[in-house]
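The values are calculated or read from the model by the stated rules, or taken from the named source; none is laboratory data. As the structure is a computational prediction, the values presented were derived from the model and not from experiment. Quick reminder, even Gly has a Cβ in these numbers, built from the backbone with ideal geometry, and neighbours come from all protein chains shown.
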Amino acid sequence: MFDKKELEQIKKEKEEWMKEYYDPLIAKHPERKKRFENLSNTEIKQLYTPEDIAHLDFFKDIGFPGNHPFLRGVHATMHRGRLWTMRQFAGFGSAEETNQRYKYLLDHGETGLSVAFDYPTLYGYDTDHPMSRGEFGKCGVAISSLKDMEILFDGIPIDKITTSMTINGPAPIVWAFYIANAENRGISKDAIGGTIQNDILKEYIAQKSYIFPPEPSMRLIVDTFEYGSKYVPRWNTISISGYHIREAGSTAVQELAFTVGDGIEYVKWAMERGLNIDDFAPRLSFFFNAHNDFFEEIAKYRAARRIWAKELKKLGAKKPRSMLMRFHTQTAGCSLTAQQPEINIVRVTIQALAAILGGTQSLHTNSMDEALALPSEKAVRIALRTQQIIAEESGVTDTIDPLGGSYYVEWLTNEMEEQTYRYWDRVEKLGGVLSAIEKGFYQREIAAAAYKYQKEIDTNKRIIVGVNDYKTEETVDIPILKMDEKGEERQIKRLNKLKKDRNNQKVQRNLDVLRKIAEGNGNMMPAILDCVHSYATLGETCQVLRDVFGEYEEPAIY
Amino acid sequence: MVERKIRVLVAKPGLDGHDRGAKIVARALRDAGMEVIYTGLHQTADMIVEAAIQEDVDVVGLSLLSGAHMTLFVDVAKLLKKKGLGEVLIIGGGIIPEEDVPKLQKEGISAVFGPGTPTEKIVEYIEQNVKR
């Protein structure tokens, strides 16, 4: 990017600067650490100059926003045109309680919804299943049927607002609840917008709420790609997620490498089915974590966009829209401390700023009390206000990709990209993504990184304010969210009534049709929608698929 | 005579898939010289107690971040007692509100370790409180 003569002069003058200024100074006053490194253990130098990015080509590697390789952002105007969607992940207790929380958030300026489901729902069990014991509404809302979905979105304009749903194993069924609810309200499928997470690979790798073995799971996902591109064109049929990989303890580089690698795996499976890449790729979306190392996170998002654009082009995509990576970000839950919870507001602010400077399309900011329990209303409001302050007061949205061209950020972006390709080589040698999962490769890599990080904290090599330094002896005074104790009872009553009132013959017929298709190789989405419309429950519908596909069990590695 | 190593079962009851903490604790206990058995995910109380019997453990460590600890930890503690394993030291960890800790202790979960706990604190606690 610089001419040869200029580079040589920079190199020479830097050497002189080292000799005359830097070296004598550190001889007298050593730096605070022997080695500076980021959260991926990459060594960071004291200073970056044009030398460090001399091998980059402005047009090929950096370029302009809204243009390949989309390093600088996916839209030509980015946050000058439209702010990111402020989308707070929320859900607890019964559909009624969560509906109230959504209305509260929308009243306070939230611009998109994001549903957290409870564990039974995530595993495709109804509230009355024995495995649901103790879990009703605990870390999300319980949705066992279309009836619950109707209550969840009662009074919310789902034709205007987009909804993201964190659901994976039973994603096609829960998506069908949403579609069916819209149809029953007179809103057609092509008018609704939102996202289903639907990313099973990272479930095996990190988050662990899988149901079926990998192959039928991949088939279900490709079914949703195919169905969505034909009938629900404004829906993101997957949110390929690094968030949970990072929360499970990975480094930023692992998060980047494993997530984008998963994305390519999905593309390959869909192409193998015969789908046209330019039909489904525009609806693939991503989801990343925003952790503590500010510049590393920004470089991660930028690298992700560039790698995705390059790889999709290689895979044959023609439309620019297929090659641009849109992503949601959530600040790192695992970085929150139970000690001095109020200071989490500061952590979240720094993390949110990284996501915004990294060009995110939507953002969830965590609440200060989430290392203790589900967030209270006040804590959620402060988290949302954090985004609004960055958007309205800080000025960081006034220009596009303000860190583009920074010697350090461009060098780090490139470095993370190279490390990603090195990880992919290792996965390739293991026989690809599914084989690497079966061999426990990702699980071991993540567990090792998590243990190393913890050891660094235990030995004070890494300081976490309030945890291993700057401690204060004070009792935590944060109000804890209380849930309606009658919620579970009400939910079970509703289930029982539903099973009595519906046309049970029709339900059975629809479930039988689904079973036939699952046993064959047709697209299961239409049959799932029929089941759901006739008020078959989540548990009943999922059980059919469990019968046909079996369940996945992971080897317990630590 | 060689002293028998402390045997610990690290268990994940219920549907919660957050296993980062459980795995870190399992490794830390192993590195501290204990014999560690990790159950893996999605364990019922029956499965955990059965494993505790089979493996003849001195300690059961339960990890849960879903909020269902008041039900699932207590299920395990009760069943251990019922099966005659009242001597086994039970500890827990996860996202557990302060106000639940005394209630869990009353049910036999002797200590609860929340986020930010140094692993050596857990090692120390086990070494000092294991009954055998």
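Count, please, the residues in region A:393-422 that happen to be under 17 Å from A:SER362 (Cβ atoms) and exposed (fewer than 15 other Cβ atoms within 10 Å of the Cβ). Break it down stepwise before answering.
The initial filter retains those residues of region A:393-422 that are under 17 Å from A:SER362 (Cβ atoms), namely A:396-397.
Then drop every residue that is not exposed (fewer than 15 other Cβ atoms within 10 Å of the Cβ), which leaves A:396.
Selection size over region A:393-422: 1.
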Conditions (1) under 16 Å from A:LEU529 (Cβ atoms); (2) in a strand (DSSP E or B); number of the one not met by A:SER164: (1)
Meets criteria (crowded, with 24+ Cβ neighbours inside 10 Å, within 14 Å of chain B (Cβ to nearest Cβ) and under 17 Å from the mean Cα position of the chain (by Cα)) for A:ASN366: yes
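Being of a type outside the set (Asp, Glu), away from chain B (no Cβ under 13 Å) and not in a helix (DSSP H, G or I) is the requirement here; does A:ILE158 meet it? Please lay out each step first, then the result.
On the way: of a type outside the set (Asp, Glu): yes; away from chain B (no Cβ under 13 Å): yes; not in a helix (DSSP H, G or I): yes.
Against the criterion (of a type outside the set (Asp, Glu), away from chain B (no Cβ under 13 Å) and not in a helix (DSSP H, G or I)), A:ILE158 qualifies.
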Conditions (1) touching a Lys or Arg at 6+ places or on another chain (Cβ under 6 Å); (2) under 24 Å from A:ALA436 (Cα atoms); number of the one not met by A:SER239: (1)
Among (1) part of a helix (DSSP H, G or I); (2) farther than 21 Å from A:ASP293 by Cβ; (3) more than 14 Å from every other protein chain (Cβ to nearest Cβ) - the single one A:GLY431 does not satisfy: (1)
Looking only at region B:68-116, and only at residues there that are among the charged types (D, E, K, R) and crowded, with 18+ Cβ neighbours inside 10 Å, the one that is farthest from A:TYR470 (Cα to Cα): B:ASP75
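Please count how many residues of region B:12-39 are under 19 Å from A:ILE446 (Cα atoms), more than 7 Å from chain A (Cβ to nearest Cβ), in contact (Cβ under 8 Å) with a residue 12 or more places away in the chain and not in a loop (DSSP other than H, G, I, E, B). Don't jump to the end; show me each part of the working.
First, the residues of region B:12-39 that are under 19 Å from A:ILE446 (Cα atoms): B:12, B:16-31, B:38-39.
Those still in the list that are more than 7 Å from chain A (Cβ to nearest Cβ) too: B:12, B:18, B:21-22, B:25, B:28-31.
Now narrow it down to the ones that are in contact (Cβ under 8 Å) with a residue 12 or more places away in the chain: B:12, B:18, B:21-22, B:25, B:28-29.
Subsequent filtering for residues that are not in a loop (DSSP other than H, G, I, E, B) retains B:21-22, B:25, B:28-29.
Qualifying residue count for the region: 5.
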Qualifying position, being within 26 Å of B:THR117 (Cβ to Cβ) and within 13 Å of the chain's Cα centre (by Cα), among A:ALA338, A:ALA332: A:ALA332
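Give me a count of the residues in region A:151-167 that are in contact (Cβ under 8 Å) with a residue 40 or more places away in the chain and either under 19 Å from A:VAL232 (Cα atoms) or not assigned by TED's automatic domain parsing to the domain that holds A:PHE89 (or both). So that I can check it myself, show each step before the final result.
From region A:151-167, those in contact (Cβ under 8 Å) with a residue 40 or more places away in the chain are A:151-156, A:161-167; that's our starting set.
Narrowing the set further to residues that are either under 19 Å from A:VAL232 (Cα atoms) or not assigned by TED's automatic domain parsing to the domain that holds A:PHE89 (or both) leaves A:153, A:161-167.
Count: 8.
Before we move on, is A:THR337 at negative phi and in a strand (DSSP E or B)?
Working: at negative phi: yes; in a strand (DSSP E or B): no.
So A:THR337 does not fit the description; no.
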Near pairs, Cβ below 6 angstrom, 6+ apart or cross-chain, from region A:446-457 (in the same structural domain as A:CYS334 (by TED's automatic domain parsing)) to any residue that is small (Gly, Ala, Ser): A:ILE446/A:ALA248; A:ILE446/A:GLY249; A:ILE446/A:SER250; A:ALA449/A:GLY249; A:ALA449/A:SER250; A:ALA450/A:GLY249
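For region A:143-152, check the following and say yes or no: at least one residue is part of a loop (DSSP other than H, G, I, E, B), within 14 Å of chain B (Cβ to nearest Cβ) and crowded, with 24+ Cβ neighbours inside 10 Å. Spell out how you get there, then give the answer.
Residues of region A:143-152 that are part of a loop (DSSP other than H, G, I, E, B), as a first pass: A:143-145.
When the remaining residues are screened for being within 14 Å of chain B (Cβ to nearest Cβ), the result is none.
Checking region A:143-152: not a single residue is part of a loop (DSSP other than H, G, I, E, B), within 14 Å of chain B (Cβ to nearest Cβ) and crowded, with 24+ Cβ neighbours inside 10 Å.
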Inter-residue pairs, beta-carbon under 6 Å, first charged (D, E, K, R) and in region A:382-403, second outside any helix (DSSP H, G or I), 6+ apart: A:ASP401/A:ARG72; A:ASP401/A:GLY73
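Pick from region A:365-413 the residues that are over 28 Å from A:ILE53 (Cβ atoms), of a type in the set (S, T, N, Q) and out of contact with any Ser or Thr (no Cβ under 6 Å at 6 or more places or on another chain): which of them is modelled with the lowest pLDDT? Reasoning before the result, please.
Of the residues in region A:365-413, the ones over 28 Å from A:ILE53 (Cβ atoms) are A:365-389, A:391-393.
Right, trim to of a type in the set (S, T, N, Q) and you get A:365-367, A:376, A:386-388.
Filter once more, keeping what is out of contact with any Ser or Thr (no Cβ under 6 Å at 6 or more places or on another chain): A:367, A:376, A:388.
Working: A:SER367: 97, A:SER376: 89, A:GLN388: 98.
By that ranking, first place goes to A:SER376.
Return the residues of region A:122-139 that are touching a residue at least 40 places away in the same chain (Cβ under 8 Å) and on the phi > 0 side of the Ramachandran plot; say none if nothing qualifies. Working first, answer last.
As a first pass, look at region A:122-139 and keep what is touching a residue at least 40 places away in the same chain (Cβ under 8 Å): A:122-129, A:136-139.
Within region A:122-139, A:GLY124, A:GLY137 meet the criteria.
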Residue that is touching a helix residue (DSSP H, G or I) at 6+ places or on another chain (Cβ under 8 Å) and part of a helix (DSSP H, G or I), where the choices are A:GLU13, A:GLU6: A:GLU6
Restricting region A:209-225 to residues that are within 20 Å of the chain's Cα centre (by Cα) and assigned to a loop (DSSP other than H, G, I, E, B), the residue that is nearest to the other protein chains (Cβ to nearest Cβ): A:SER209
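Tell me, which residue of region A:335-351 that is of a type in the set (Ser, Thr, Tyr) and within 12 Å of chain B (Cβ to nearest Cβ) is farthest from A:SER394 (Cα to Cα)? If you could, list the steps in order and put the result at the bottom.
Going through region A:335-351, the residues of a type in the set (Ser, Thr, Tyr) turn out to be A:335, A:337, A:349.
Going one step further and asking which of them are within 12 Å of chain B (Cβ to nearest Cβ), we end up with A:335, A:337.
Working: A:SER335: 24, A:THR337: 26 Å.
Only one residue tops the list, namely A:THR337.
For every residue, the table says whether it meets (1) surrounded by fewer than 23 Cβ atoms within 10 Å (Cβ to Cβ); (2) over 20 Å from A:PHE177 (Cβ atoms); (3) in contact with a Pro (Cβ under 6 Å, 6 or more places away or on another chain); (4) within 14 Å of chain B (Cβ to nearest Cβ).
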position	(1), (2), (3), (4)
A:GLN207	no, yes, no, yes
A:TYR227	no, no, no, no
A:SER241	no, yes, no, yes
A:HIS244	no, yes, no, yes
A:ILE264	yes, yes, no, no
Of all residues making up region A:178-225, the number that are out of contact with any strand residue (DSSP E or B) (no Cβ under 9 Å at 6 or more places or on another chain) and among the aromatic types (Phe, Trp, Tyr): 3
Selection count where residues are in a helix (DSSP H, G or I) and either modelled with pLDDT under 95 or within 14 Å of chain B (Cβ to nearest Cβ) (or both), scope region A:304-334: 2
Leading residue by the ranking (farthest from the other protein chains (Cβ to nearest Cβ)) among those in region A:111-134 that are assigned to a loop (DSSP other than H, G, I, E, B) and modelled with pLDDT under 95: A:THR111
Scope region A:340-360; condition part of a loop (DSSP other than H, G, I, E, B) and either free of Cβ contacts under 8 Å to residues at least 24 places away in the same chain or surrounded by fewer than 21 Cβ atoms within 10 Å (Cβ to Cβ) (or both); matching residues: A:GLN340
